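S.K.: Can you keep this structure in mind? I'll have questions shortly.
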There are 2 protein chains.
Amino acid sequence: MAAEEQSASIDPNRPMNILDALCPSRDVLVDLADKWVLLMLASLRESGVQRYSELQRSLGGISRKMLSQTLRTLERDGLVLRTVDVKMAPPLVLYELTELGREIAEETRALCTWTEKRTATVYEARAAYDRR
Amino acid sequence: MAAEEQSASIDPNRPMNILDALCPSRDVLVDLADKWVLLMLASLRESGVQRYSELQRSLGGISRKMLSQTLRTLERDGLVLRTVDVKMAPPLVLYELTELGREIAEETRALCTWTEKRTATVYEARAAYDRR
DNA sequence: CGCGAGTCGTCTCCAGAGGAGACCATACCT
DNA sequence: AGGTATGGTCTCCTCTGGAGACGACTCGCG
């Protein structure tokens with residue numbers, strides 16, 4: 001563990017401010033502001049519950065390493081619930097959003113739909129920029 | 001430029017799907033799903049227009065390198081407008097959101113406010129996870 | 001019965017991204 | 001003259017992310 005600049009503990013009197021590098025909320029944002037996290041939230045929001053390998057096929061292009069890592073981050077943050085059925089072999093592992101996870105997945109939905117809707121516009125802007 | 005798996009050109013017939021690694025929209029999402037991008041959108045949304053050094057002070061903890069890099073990405077994507085006043089010395093450089101940028105900054109607002117509101121809950125979830 | 005395939009991961013290796021800090025030209029303030 | 005500010009770029013160096021191997025187990029197929 002590095003002696004890096006660590007966010008202070010939560011002080012109910014000081015308002016949360018994402019722009020402040022030392023605010024605890026910055027720490028949470030860092031977890032969320034990630035390609036795989038947003039895609040995972042989207043996939044689990046649509047499908048309800050998925051197993052490990054289903055998620056891998058669903059999130060096109062994700063490696064097993066990032067799949068495990070992202071799932072554990074979200075599980076630790078209380079956004080994803082992991083359930084193992086030990087009776088099965090190979091074990092059946094299921095992932096689904098918690099109530100908190102469903103909340104944030106709802107908030108990030110707009111980001112995804114905007115992206116899909118505006119992709120063509122962004123592509124045109126890029127082409128125009130590159131032409132200069 | 002690597003011969004990496006590149007997103008295909010835009011086909012109006014095929015619907016956009018962020019979960020597809022080859023869909024052009026994935027490419028746009030990758031630009032947006034970034035800590036500094038979300039913070040920059042938030043800062044410019046609040047302040048309207050800011051100069052380079054103001055932005056650096058506003059986005060707590062950002063390095064000049066990432067500031068320049070993020071600004072150029074957003075400018076290329078058509079989300080940020082850069083204006084230079086050459087008459088000034090040292091030159092006055094201003095950054096502001098374009099119309100497209102204001103659109104996406106509006107969509108990401110919910111993500112930021114949710115984060116600030118739910119930070120305490122996430123911190124509790126992390127503590128509970130780490131205790132096990 | 002042996003073989004390939006599927007499940008749910010972990011481990012190692014390597015290239016690339018991100019952060020820290022130096023450097024630069026210019027101009028203003030004291 | 002020296003310190004400060006502006007808007008960057010450039011060079012390190014570390015850390016992260018992706019590719020791919022490996023593992024233990026079980027099922028279906030021929």
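S.K.: 222 nm [θ] for chain B, helices only, -39500 (n - 2.57) per DSSP H run of 4+, per residue, to 500? Intermediate values should be presented prior to the final figure.
M.R.: Numbers: 5 runs with 75 residues, N = 132.
Mean residue ellipticity at 222 nm (helix-derived): -18500 deg cm²/dmol.
S.K.: Which value, in debye to the nearest 20, describes the size of the charge dipole of the stretch B:24-131 about its Cα centre when Lys and Arg Cβ atoms bear +1, Asp and Glu Cβ atoms bear -1, and nothing else is charged?
M.R.: Rounded to the nearest 20 debye, it is 380 debye.
S.K.: Ranked from the most accessible area to the least, with a 1.4 Å probe and all protein chains present, what is the order of A:VAL30, A:VAL93?
M.R.: Numbers: A:VAL30 65, A:VAL93 25 Å².
Listed by decreasing accessible area, they come as A:VAL30, A:VAL93.
S.K.: Net charge near A:VAL28: determine it from the other residues with C-beta under 14 Å of the C-beta of A:VAL28, scoring Lys and Arg +1 and Asp and Glu -1. Please list the in-between numbers first.
M.R.: Working: positive: A:ARG26, A:ARG76, B:LYS35, B:LYS117, B:ARG118, B:ARG126; negative: A:ASP20, A:ASP27, A:ASP31, A:ASP34, A:ASP77, A:GLU103, A:GLU107, B:GLU116, B:GLU124.
Around A:VAL28, the charge tally is -3.
S.K.: Could you give the accessible area per residue of the protein assembly as shown, probe 1.4 Å, as a whole number in Å²? Display every interim value, and only then the final one.
M.R.: Working: 14410 Å² over 264 residues.
Result: 55 Å² per residue.
S.K.: Check cross-link reach from A:LYS65 to the lysines: straight Cα distance under 19 Å, and skip same-chain residues fewer than eight apart.
M.R.: A:LYS35
S.K.: Let me ask another. If each label sits 7 angstrom from Cα along the C-beta direction, how far apart, in nm, is B:THR83 from its counterparts in the other copies?
M.R.: 5.6
S.K.: For B:ARG132, B:ARG51, what's the largest-to-smallest order of accessible area, 1.4 Å probe? Intermediate values should be presented prior to the final figure.
M.R.: Working: B:ARG132 195, B:ARG51 90 Å².
Ranking B:ARG132, B:ARG51 by accessible area, largest first, yields B:ARG132, B:ARG51.
S.K.: Restricting to DSSP loop positions (anything but H, G, I, E, B) with no more than 13 other Cβ atoms inside 10 Å of their own Cβ, which GluC sites (Glu not before Pro) remain in the stretch B:1-94?
M.R.: Loop-located and lightly packed - B:GLU4, B:GLU5.
S.K.: Please calculate the 1.4 Å probe accessible area of B:ILE62, with all protein chains present, and give it to the nearest 10 Å².
M.R.: B:ILE62 exposes around 10 Å² with every protein chain in place.
S.K.: Calculated FRET efficiency, B:SER68 and A:ASN17, Cβ-Cβ r, R0 22 Å, to nearest 0.05? Working shown, then result.
M.R.: Working: r = 24 Å, r/R0 = 1.09.
Taking R0 as 22 Å, the efficiency between B:SER68 and A:ASN17 is 0.40.
S.K.: Run the numbers on chain B and let me know its relative contact order in percent, using alpha-carbon pairs under 8 Å that are six or more apart. Show your work: numbers first, answer last.
M.R.: Numbers: 111 pairs, mean separation 24.8, N = 132.
Relative contact order of chain B: 19 percent.
S.K.: Could you rank B:SER58, A:SER9 by how accessible they are, 1.4 Å probe, largest area first?
M.R.: Values: B:SER58 30, A:SER9 95 Å².
So the residues, ranked largest to smallest area, are A:SER9, B:SER58.
S.K.: A follow-up question, please. For the stretch B:24-131, give the percent of accessible area contributed by carbon and sulfur heavy atoms, probe 1.4 Å, rounded to a whole number.
M.R.: Values: 2640 of 5140 Å².
Carbon plus sulfur share of accessible area: 51 percent.
S.K.: For the protein assembly as shown, state the average projected area of the convex hull of the C-alpha atoms over all orientations, rounded to one decimal in nm².
M.R.: Numbers: hull surface 70.0 nm².
So the mean shadow area of the Cα hull is 17.5 nm².
S.K.: A follow-up question, please. In the stretch B:24-131, with Lys and Arg counted as +1 and Asp and Glu as -1 at Cβ, which of these residues, B:GLY60, B:THR98, B:THR115, has the Cα nearest the positive end of the dipole, that is, farthest along it?
M.R.: B:GLY60
S.K.: Three principal axis extents, largest first, for the C-alpha atoms of the stretch B:24-131, in Å?
M.R.: Its Cα atoms span 59, 32, 22 Å along the three principal axes.
S.K.: Let me ask something additional. Testing the spin-label approximation: label points 7 Å from Cα along Cα→Cβ at B:SER9 and B:LYS117. State their distance in nm.
M.R.: 4.4
S.K.: How big a patch of accessible area, both sides summed and in Å² to the nearest 100, lies buried between A and B at a 1.4 Å probe?
M.R.: Values: alone 9750 and 9750 Å², together 14410 Å².
Roughly 5100 Å².
S.K.: Select from A:LEU71, A:LEU79, A:LEU59 the residue whose mean-square fluctuation is largest in a Gaussian network model of chain A (Cα-Cα springs shorter than 10 Å).
M.R.: A:LEU59
The values are calculated or read from the model by the stated rules, or taken from the named source; none is laboratory data. These numbers come from a predicted model, not from an experiment. Backbone-built Cβ (ideal geometry, glycine too); neighbour counts: all protein chains shown. When the accessible area is computed, the model is the full protein with side chains, heavy atoms only, and any ligands, DNA or RNA have been set aside. Shrake-Rupley method; radii C 1.70, N 1.55, O 1.52, S 1.80 Å.
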